[in-house]
Amino acid sequence: MAIDIVRATRGDAVRLTQIAHAAKSFWGYPSRWIELWRDQLTITGAYVETHEVYAATDEDRVILGFYALNGDGDRLLLDHMWVQPSSFGAGVGRLLFAHAVARARDL
């Protein structure tokens with residue numbers, strides 16, 4: 001499977017949120033905990049526009065995972081990194097992490 005890393009857009013926010021919720025839920029946390037984390041797992045269009053957010057896409061341009069960097073200057077944080085559970089083990093997370101490290105160095 002060919003995977004590309006592309007800059008996410010405001011229009012991707014709903015899909016990114018779906019991936020974050022699905023990935024967090026995959027690990028068996030109680031539903032009440034997932035509900036407590038709802039705001040932290042929700043990616044808004046405004047967030048995408050004001051942060052370094054990149055998505056991994058397949059050959060059909062379907063988003064499989066994403067990451068977001070937060071901060072500026074000498075201090076950047078990996079604010080989000082999520083992969084849809086059906087893509088676990090396919091190397092998506094590894095590619096996203098390597099891209100995030102390279103992007104942080106560039107910034």
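The values are calculated or read from the model by the stated rules, or taken from the named source; none is laboratory data. Everything numeric in this text was worked out from a predicted model, so none of it was measured. A quick note on method: Cβ atoms are made from the backbone with ideal geometry, for glycine too, and the neighbour counts reach across all protein chains shown. The accessibility values were calculated without ligands, DNA or RNA, using every heavy atom of the protein model including side chains. Shrake-Rupley method; radii C 1.70, N 1.55, O 1.52, S 1.80 Å.
How large a share of the accessible area of the chain, in percent, is made up of carbon and sulfur atoms when the probe is 1.4 Å and the other protein chains stay in place?
Its accessible area is 53 percent carbon and sulfur atoms.
Among THR44, PHE88, VAL62, whose Cα lies farthest out toward the positive end of the dipole of segment 32-107, if unit charges sit on the beta carbon of Lys, Arg (+1) and Asp, Glu (-1)?
Sorting the options by dipole projection puts first PHE88.
At 7 Å along Cα-to-Cβ for each site, give me the label-to-label distance between THR44 and LEU107 in nm.
Spacing of the two 7 Å Cα→Cβ label points: 1.9 nm.
Quick one: putting +1 on the C-beta of Lys and Arg, -1 on the C-beta of Asp and Glu, what dipole do you get for the chain around its Cα centre, in Debye to the nearest 20? All intermediate terms of the calculation are to be shown ahead of the outcome.
Values: 11 positive and 13 negative charges, 48 e Å.
For this selection, approximately 240 debye.
Provide the FRET efficiency to the nearest 0.05 for the ASP79-ARG32 pair, computing r from the beta carbons and using R0 = 25 Å.
Working: r = 24 Å, r/R0 = 0.95.
It comes out at approximately 0.55.
Among 29-36, 9-16, 48-55, how do they line up by average Cβ neighbours within 10 Å per residue, starting with the highest?
48-55, 9-16, 29-36
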